[in-house]
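Quick note: the coordinates plus some simple rules give every number you see, no bench work behind them. Everything numeric in this text was worked out from a predicted model, so none of it was measured. FYI the Cβ positions are ideal-geometry reconstructions off the backbone, even for glycines, and counts take in every protein chain you see.
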Ligand code: 5AD
Ligand code: SF4
């Protein structure tokens with residue numbers, strides 16, 4: 001079979017990163033292998049996102065650039081997938097003559113058939129049916145990148161929550177959970193590829209399996225915990241209204257479950273939460289936070305917040321700042337509200353000026369930066385175990401004076417903090433400090449956006465099968 005090159009460009013959330021790997025997996029039997037450069041590709045797939053207006057604009061501007069590339073290379077196949085494809089469907093094909101294929105969020109397993117048809121007859125296809133089964137016959141796993149230690153595993157798709165600002169239920173369809181056996185098989189395949197850490201993905205993992213009568217999410221976690229060769233488990237995203245006591249108790253009990261939860265609050269004001277259709281109050285949210293910290297005292301907690309939701313008053317925004325101050329998050333993703341045409345809030349009155357949204361965003365980011373800085377500084381002097389990821393991107397060691405300066409590497413702590421550290425050249429020369437090993441790092445320095453420390457023990461080889469081997473004191 002002729003080998004062909006595929007470039008996938010992914011915008012948006014972890015779900016899209018996972019889908020990109022699935023796409024690579026289903027197209028591999030047709031002879032496609034990955035390339036980083038668009039110019040050398042036989043097919044380019046744009047994996048789009050529409051969660052906020054900016055992401056959608058990014059997708060369209062990238063597609064615009066592809067028009068010029070296709071003039072230079074008319075045989076190039078251009079395909080658009082993901083949430084913008086699902087939302088716009090036909091419109092993309094009509095407006096963009098250089099696009100050959102538009103496939104929706106449920107069409108990944110139908111891709112090989114469609115690509116074959118385009119290759120043989122150069123037809124143009126739109127498939128945005130929300131009908132694909134949530135599981136293929138067997139798990140599809142694309143290639144792991146060189147040195148990849150962590151991978152996403154989707155456990156469910158879609159969302160039934162209908163938060164009023166959110167487009168997801170409209171572009172990803174109804175919530176559907178995968179069978180636990182398929183999930184476990186997929187994780188086992190990932191472990192065989194050298195993956196040590198998985199992040200289980202769903203829009204609301206806390207309601208995993210409810211609809212289908214499968215096991216609960218806490219039970220699924222217990223099964224994943226038993227997978228040999230896997231060292232760490234993470235998951236995202238949790239909806240506070242569905243965070244069960246059973247799941248809270250799981251933290252601190254399951255050995256491999258990392259001590260971190262992403263628990264989006266969106267607002268600290270009950271009136272706004274109600275109009276967002278979030279189905280919890282500020283108090284019930286704070287009770288869950290207290291429960292998590294009681295079960296697992298060192299748990300790191302991160303969140304998402306939207307500023308400038310329609311009708312948000314200054315007082316309501318202050319309530320969000322106050323909640324952030326109360327919880328003291330380890331990290332925060334903050335977004336200015338943007339209308340999504342298919343989401344109900346687009347029709348709400350009381351739209352907030354862009355300038356006010358920007359001011360609120362800045363105030364919130366300033367507050368969180370102070371909190372993060374204080375929390376980072378409190379970590380100085382502590383020793384944390386990290387899973388080593390490899391050389392830090394764009395970061396050089398401060399020690400440039402010595403003949404063979406150390407090289408700066410990084411890894412993640414259980415709390416999800418990224419920690420940089422210097423690796424002596426002789427350790428690297430022995431090829432013992434490898435991506436995918438565990439190392440103990442004593443934290444020596446902290447900025448608001450980074451932490452660094454000293455390698456004091458390690459590396460320990462992560463996979464239990466290889467035996468625990470400590471080679472540097
Ligand atoms: N405007 C701004 N932020 C949004 N999010 C979702 N929809 C919107 C929107 N219309 C944010 C929420 C969600 C995160 C993934 O994106 O905070 O948790
Ligand atoms: Fe969107 Fe709400 Fe579903 Fe999250 S829970 S995907 S914010 S509708």
(request) Provide 170, 449, 179 in ascending order of the number of other Cβ atoms located within 10 Å of each residue's Cβ, fewest first. (result) 449, 179, 170
(request) State, as an integer percentage, the relative contact order of region 99-183 based on alpha-carbon contacts under 8 Å between residues 6 or more apart. (result) 28 percent
(request) May I ask you to sort 33, 236 by Cβ crowding, counting other Cβ atoms within 10 Å and putting the fewest first? (result) 33, 236
(message) Please report the equivalent ellipsoid semi-axes of region 13-79, computed as sqrt(5 x eigenvalue) of the Cα gyration tensor, largest first, in whole Å.
(response) 21, 19, 8
(request) Would you calculate the separation in nanometres between label points at residue 373 and residue 219, each defined as 7 Å from the Cα along the Cα-to-beta-carbon direction? (result) 4.9 nm
(request) Have a look at the DSSP beta bridges in the chain and tell me what percent are antiparallel, nearest 5. (result) 40 percent
(request) Once you have all Cα-Cα distances for region 130-269, histogram them in 5 Å bins from zero and send the whole-percent values. (result) 2, 9, 19, 23, 20, 15, 9, 3, 1, 0
(request) Quick one: work out the % antiparallel among DSSP beta bridges in region 57-199, nearest 5. (result) 20 percent
(message) Using Cβ counts within 10 Å as a stand-in for footprinting exposure, how do 326, 320 rank, fewest first?
(response) 326, 320
(message) Suppose R0 equals 56 Å. What FRET efficiency, 1/(1 + (r/R0)^6) with r the Cβ-Cβ distance, do residue 160 and residue 426 give to the nearest 0.05?
(response) 0.50
(request) Starting from the Cα of residue 241, step 7 Å along the direction of its Cβ; do the same at residue 185; then give the gap between the two resulting points in nm. (result) 3.4 nm
(request) Determine the relative contact order of the chain: mean sequence separation of Cα pairs under 8 Å and six or more apart, normalised by residue count, in whole percent. (result) 10 percent
(message) Restricting the calculation to Cα positions, tell me the Rg (one decimal) and the Dmax (whole number) of the chain in Å.
(response) 23.2, 65
(message) Which residues among region 299-325 fall inside the zone where the amide N is under 18 Å from a point 7 Å beyond the Cα of residue 353, along Cα→Cβ?
(response) 307-318
(message) Pairs of alpha-carbon atoms within less than 8 angstrom and 6+ residues apart define the contacts here; what relative contact order does region 131-265 have, in percent?
(response) 23 percent
(message) At R0 = 22 Å, how high is the FRET efficiency between residue 69 and residue 94 if r is their beta carbon distance? Nearest 0.05 is fine.
(response) 0.60
(request) Report the label-to-label distance for residue 287 and residue 130 in nanometres (one decimal), using points 7 Å from each Cα along the Cα→Cβ vector. (result) 3.2 nm
(message) If each residue of separation counts as 0.36 nm, what is the full-extension length gain between residue 36 and residue 53 once their alpha-carbon separation is subtracted?
(response) 3.5 nm
